[in-house]
Amino acid sequence: MHKLLTDKPGHKLLLLGNEAIARGAVEAGAAFATTYPGTPSSEISLNLFQISKETDLYFEYSTNEKVALEVAAAAANAGVRTFCMMKHVGLNVAADPLMTLAYVGVTAGMVILTADDPFMFSSQNEQDNRYYGKLSGLPILEPSSVEEAKEMMAEAFALSERLKEPVIFRTTTRINHSTAPVVLGGIQKPKPKGHFTKDPMNYVTVPAVSRKLHARLLERWDQALALAETSPYNFTEGKGKFGVICNGVSFGYVSDAIKDLNADDRIKVLRIGFSHPLPGKLITDFIRDCDKVLIVEEGEPYLEEGVKAFAQEAGLTLPIKGKAKELFSRLYELDPATVRERIARYFGLDYTPRQPVDLGNVPEVPQRPPNLCAGCSHRATYYAVKKAAEGLDTVYPTDIGCYTLGFLPPLSMGDFLICMGSSVSTACGFAQATDQKVIAFIGDSTFFHSGITGLVNAVFNNHNFTLVILDNGTTAMTGHQPHPGVDMTRQNMEGYGRVSIEDVVRGVGVPHITVIQPFKVKKSIEAVREALEYKGVSVIISREICMLYAKGLKELNPRPFYISDKCKNHRDCIQEIACPAFFLEGERVRIDPTACVGCAVCAQICPENAILPLKKEG
Amino acid sequence: METTRLIIVAVGGQGNLLSSRVLGEAALLAGVPVRMSEIHGMAQRGGVVESAIVFGDAKSTIISDGEADILVGFEPSETLRALNKCNSDTVTVTNLAPAPPFTVAIGRGVYPDIDRIQSLIREKTRRLIALDATALAREAGNVLAVNMVLLGAMTQTGIIPLTADPIRETIQTKTREAFVETNLKAFDLGFQQAECCLVE
Ligand code: SF4
């Protein structure tokens, strides 16, 4: 049985934030869950995917976040408790349905989780999705700890049903990827089927209907505000004339700081966990008898703007600060020492910070950036394209996945990236606006996510570029989730269809299509060269399973190579393809036999043919 | 309860996350409050993995620069890289077996001298316990048990508020059955070796 199905209320389990969130959904009887995987949210869906195999929960990996949210919106309006989760930028993709789903509302509880990523540990930006609450009018809940994340998740479904609106559940990486003991609650049985009651005058958002629905949303906003004013998630702690207002993980840092500073008789704290609509009355009452207020929040001054506006309305002129040069930055994440120091300084408390050791004479430690795995097919594809494009003035728009790492030297294959799917559409623009040779890269999962529309655009507007689709049979970077092109029988899963990338590309009308096997280096270079010569849209599908995925499926039989005495130390292997299985022993290049899986790419490029398969012993 | 802050740094694939998991479970078993967080910069793709483990009464799950009571490094250059987490009172435990990053092989960086690493850490922190955890893991029967060796060594320091018993019990119940024996052996070897270092 899956550990998150443990039916022992009161029992304590050590859970990752994302496991606690998944457990919260299970306890709430969520019966329908959709997602597109994205760090830091991925383990929530991974757990629900596993749980769905053992229970009545319906779970799907949808093609992208917009699709996930629309699928979920229907389920929630058919009376089924629904959970839709994604990373913060995923909500941009889903923003279109989000805005009008807020007008339509839901009949059963629906929670939309956005996992924000301050500091961009694994994201292209660090946008603050609390503004989606303001933008859409939907309520937001924000937990401060792993335990609270589980509790709040169950409450979020109840709140959604009360307001008949989806609830936005906002986490940050430090909630998703923290671990703590969590006390289990009881599990509600999910109700997997509902019934949709026709009501077009409330469901079909033509202007006449939407005008009415917007008014209804504002009424629900008022109800949400009343609930936020008395919500147990908006609470105060401590006493004194100094006030701190905070949310999310900042609350933990603030509590620890006040304890460390011995200041709980001087500083009181208002923790905002129900953060949209902001409880204006509660906030005004809190600041009314403060001499000074500090707002501690990561990201944008969301709380700060609200608090200042309430102060203005109440005619309060006390100092209220948050984001400022000498206080908190809008950049990156907060940490306990920074919060402690700023609180001490702002309120004039005694504090001597701990001195980190002096790093003055410490030599620079060589960087250890992540690298494509030894035996990763992307490395082979990049090598083939690089060779085929030698001498051309190229632009390489790239996309989001493991293959993005190809932008690092020595491969240096990746020039432009803004979001999922942007490789294809920006290729259209570069091809039109320059006379450079444009070669774009996109992974298979990303192609399904949002590459297809760009490709349709390219065919229709007859742009001149080559798109390389790196088809490795999985969504590798986020942990090998399936996508519509995946053969699910390989994972012993029945009941799935399968979409062929080649058929899609052909169906879209791409005039020049080539399929290559990237581990056949010479053949691949020739095929790529031919595709690059084509004037118009050409697509190369580079097909080879993700090495790590194959390993997981036990489909990989590694046959390591070694560097024989024939080696003349040109180091082409190490300089050009930079496989992490290579290392230097003195001046000699060696291959780590435990890392090498035998893709044989280096063996094919070595000018001395010095790289040979290790004989199997015995 | 006093707060104890532990940072573990490792290279992807060294099993750092399992060792923090064992510590977390052992703390739960022993009734010691615990919270932790992890950052795995694409761990499976060879990046750096950092875990922060906070024992005692604290709500934070991360550890600021200069605030680690104990730093444990699974790879010597990574231990050095994480020195910003230490203050003059920090105890450091490090594996001495290097795993040079790929950047060194392609000439984009020089791997620091192992003796230099040790003397730098000695000079700047309270105490350094340095051991070849990789060799000890091999001796225990599995080179991948480096994480267990270092668990043993950090337990020996007495800085973390856990004794060997709950950790051994957790290794028994929470690590893969086929590896329990070698894991325990590796833990014990690390525990003993660190004792020698402490006496020195
Ligand atoms: S996980 Fe797969 S796709 Fe990603 S770098 Fe490794 S082999 Fe390549």
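The values are calculated or read from the model by the stated rules, or taken from the named source; none is laboratory data. Just so we're clear, the structure is a prediction, and the values are computed from it rather than from any experiment. Cβ atoms come from the backbone with ideal geometry, glycine included; neighbour counts cover every protein chain shown.
Only one of A:99, A:86 is of a type in the set (A, V, I, L, M), in contact with a Gly (Cβ under 7 Å, 6 or more places away or on another chain) and away from chain B (no Cβ under 14 Å). Can you tell me which? Steps first, answer last, please.
On the way: A:99 fails: in contact with a Gly (Cβ under 7 Å, 6 or more places away or on another chain).
The match here is A:86.
Scan (1) in contact with a Phe, Trp or Tyr (Cβ under 9 Å, 6 or more places away or on another chain); (2) within 12 Å of another protein chain (Cβ to nearest Cβ); (3) not in a helix (DSSP H, G or I) for the single condition residue B:162 breaks and write down its number.
Condition not satisfied by residue B:162: (2).
Return the pair list, or none, for Cβ contacts closer than 6 Å from residues in region B:2-27 that are at the interface with chain A (Cβ under 9 Å from one of its Cβ atoms) and on the phi < 0 side of the Ramachandran plot to residues that are of a type outside the set (A, V, I, L, M) and part of a strand (DSSP E or B), at least 6 apart or on different chains.
Every condition considered, the pairs that remain are B:20/B:51; B:24/A:179.
Testing residue A:470 on (1) surrounded by fewer than 18 Cβ atoms within 10 Å (Cβ to Cβ); (2) at pLDDT 95 or above, one condition comes back false. Which one is that?
(1)
Determine whether residue A:523 is of a type outside the set (Val, Ile, Thr), within 16 Å of the ligand (Cβ to nearest atom), away from chain B (no Cβ under 14 Å) and free of Cβ contacts under 8 Å to residues at least 60 places away in the same chain. Can you show your working first?
Numbers: of a type outside the set (Val, Ile, Thr): yes; within 16 Å of the ligand (Cβ to nearest atom): no; away from chain B (no Cβ under 14 Å): yes; free of Cβ contacts under 8 Å to residues at least 60 places away in the same chain: yes.
So residue A:523 does not fit the description; no.
Go through A:578, A:595 for me and flag whichever is among the aliphatic types (A, V, I, L, M), within 14 Å of chain B (Cβ to nearest Cβ) and over 22 Å from residue A:387 (Cβ atoms).
Residue meeting the stated conditions: A:595.
Go through (1) in a helix (DSSP H, G or I); (2) closer than 15 Å to residue A:470 by Cα for residue A:532 and report which single condition fails.
For residue A:532, the exception is condition (2).
Between a residue in region A:549-561 that is within 14 Å of chain B (Cβ to nearest Cβ) and any residue that is within 12 Å of the ligand (Cβ to nearest atom), which pairs come within a Cβ distance under 8 Å, given they are 6 or more apart or on different chains?
A:549/A:472; A:549/A:473; A:549/A:474; A:549/A:476; A:549/A:480; A:550/A:556; A:551/A:597; A:552/A:480
Restricting to region A:62-80, what's the tally of residues that are outside any loop (DSSP other than H, G, I, E, B), within 17 Å of the chain's Cα centre (by Cα) and crowded, with 20+ Cβ neighbours inside 10 Å? Working first, answer last.
To start, the set of residues in region A:62-80 that are outside any loop (DSSP other than H, G, I, E, B) comprises A:65-77.
Now restrict to residues that are within 17 Å of the chain's Cα centre (by Cα): A:65-69.
Then drop every residue that is not crowded, with 20+ Cβ neighbours inside 10 Å, which leaves A:65-66, A:68-69.
Residues flagged as outside any loop (DSSP other than H, G, I, E, B), within 17 Å of the chain's Cα centre (by Cα) and crowded, with 20+ Cβ neighbours inside 10 Å within region A:62-80 amount to 4.
If we scan region A:148-156, do we find a residue that is more than 20 Å from residue B:61 (Cα to Cα), at pLDDT below 95 and either assigned by TED's automatic domain parsing to the domain that holds residue A:41 or of a type outside the set (A, V, I, L, M, F, W, C) (or both)? Working first, answer last.
The first filter runs over region A:148-156 and keeps only residues more than 20 Å from residue B:61 (Cα to Cα), leaving A:153-156.
When the remaining residues are screened for being at pLDDT below 95, the result is A:154.
Next cut, either assigned by TED's automatic domain parsing to the domain that holds residue A:41 or of a type outside the set (A, V, I, L, M, F, W, C) (or both) only: A:154.
For region A:148-156, residues more than 20 Å from residue B:61 (Cα to Cα), at pLDDT below 95 and either assigned by TED's automatic domain parsing to the domain that holds residue A:41 or of a type outside the set (A, V, I, L, M, F, W, C) (or both): present.
What is the residue count in region A:443-482 for residues that are outside any helix (DSSP H, G or I) and more than 13 Å from the ligand (Cβ to nearest atom)?
Applying the first criterion (outside any helix (DSSP H, G or I)) to region A:443-482 yields A:443, A:461-482.
Among the residues that remain, those that are also more than 13 Å from the ligand (Cβ to nearest atom) are: A:461-469, A:482.
Residues meeting the conditions: 10.
Can you tell which of A:427, A:440, A:431 is surrounded by 22 or more Cβ atoms within 10 Å (Cβ to Cβ), more than 16 Å from the ligand (Cβ to nearest atom), part of a strand (DSSP E or B) and more than 14 Å from chain B (Cβ to nearest Cβ)? Even if it seems obvious, please write down each step before you answer.
Numbers: A:427 fails: part of a strand (DSSP E or B); A:431 fails: part of a strand (DSSP E or B).
After ruling out the rest, the residue left standing is A:440.
How many of the residues in region A:129-140 are surrounded by fewer than 20 Cβ atoms within 10 Å (Cβ to Cβ) and in a loop (DSSP other than H, G, I, E, B)? Lay out the reasoning, then the answer.
Initial filter on region A:129-140 (surrounded by fewer than 20 Cβ atoms within 10 Å (Cβ to Cβ)): A:131, A:134-135, A:137.
Then keep just the ones that are in a loop (DSSP other than H, G, I, E, B); that gives A:137.
Count: 1.
Please go through region B:12-47 and pick out each residue that is within 16 Å of the ligand (Cβ to nearest atom), within 18 Å of residue B:80 (Cα to Cα) and within 14 Å of the chain's Cα centre (by Cα).
Matches in region B:12-47: B:12 only.
Would you mind stating whether residue A:307 is touching a Cys at 6+ places or on another chain (Cβ under 8 Å), buried (at least 17 other Cβ atoms within 10 Å of the Cβ) and of a type in the set (A, V, I, L, M)? Before you say what the answer is, go through the steps one by one.
Values: touching a Cys at 6+ places or on another chain (Cβ under 8 Å): no; buried (at least 17 other Cβ atoms within 10 Å of the Cβ): yes; of a type in the set (A, V, I, L, M): yes.
No; evaluated as a whole, the condition is false for this residue.
Name the single residue that is farthest from the other protein chains (Cβ to nearest Cβ) among those in region B:63-105 being polar (S, T, N, Q) and in contact (Cβ under 8 Å) with a residue 40 or more places away in the chain. Don't jump to the end; show me each part of the working.
As a first pass, look at region B:63-105 and keep what is polar (S, T, N, Q): B:64, B:77, B:79, B:84, B:87-88, B:90, B:92, B:94-95, B:103.
Filter once more, so that each one left must be in contact (Cβ under 8 Å) with a residue 40 or more places away in the chain: B:77, B:79, B:95.
Values: B:77: 5, B:79: 9, B:95: 15 Å.
The residue in question is B:95.
Residue by residue, here is whether (1) among the charged types (D, E, K, R); (2) more than 30 Å from residue B:123 (Cβ to Cβ) holds:
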{"position": "A:256", "(1), (2)": "yes, yes"}
{"position": "A:265", "(1), (2)": "yes, yes"}
{"position": "A:289", "(1), (2)": "yes, yes"}
{"position": "A:337", "(1), (2)": "no, no"}
{"position": "A:340", "(1), (2)": "yes, no"}
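Go through region A:491-520 and give me each residue that's free of Cβ contacts under 8 Å to residues at least 40 places away in the same chain and within 16 Å of the ligand (Cβ to nearest atom).
Result: A:517, single match.
Out of A:420, A:488, which single residue is without any contact (Cβ under 8 Å) to a residue 24 or more places away in the chain and in contact with an Asp or Glu (Cβ under 8 Å, 6 or more places away or on another chain)?
Working: A:420 fails: without any contact (Cβ under 8 Å) to a residue 24 or more places away in the chain.
Just a single option satisfies the conditions, and that option is A:488.
For region A:341-378, which positions are within 12 Å of chain B (Cβ to nearest Cβ), within 16 Å of the ligand (Cβ to nearest atom) and outside any loop (DSSP other than H, G, I, E, B)?
Matches in region A:341-378: A:378 only.
Taking strands (runs of 3 or more DSSP E) that do not extend beyond region A:539-618, which have at least 3 residues that are buried (at least 21 other Cβ atoms within 10 Å of the Cβ) and among the hydroxyl-bearing types (Ser, Thr, Tyr)? If you could, list the steps in order and put the result at the bottom.
Working: elements: A:561-563, A:582-585, A:588-591, A:611-613.
Per the criteria, no element qualifies.
State the number of residues belonging to region A:35-58 that are surrounded by fewer than 20 Cβ atoms within 10 Å (Cβ to Cβ) and closer than 11 Å to residue A:83 by Cβ.
1
What number of residues within region B:122-154 are part of a helix (DSSP H, G or I) and under 19 Å from the mean Cα position of the chain (by Cα)? Break it down stepwise before answering.
Residues of region B:122-154 that are part of a helix (DSSP H, G or I), as a first pass: B:122-124, B:133-140, B:143-154.
Now restrict to residues that are under 19 Å from the mean Cα position of the chain (by Cα): B:122, B:124, B:133-140, B:143-154.
Of the residues in that region, 22 qualify.
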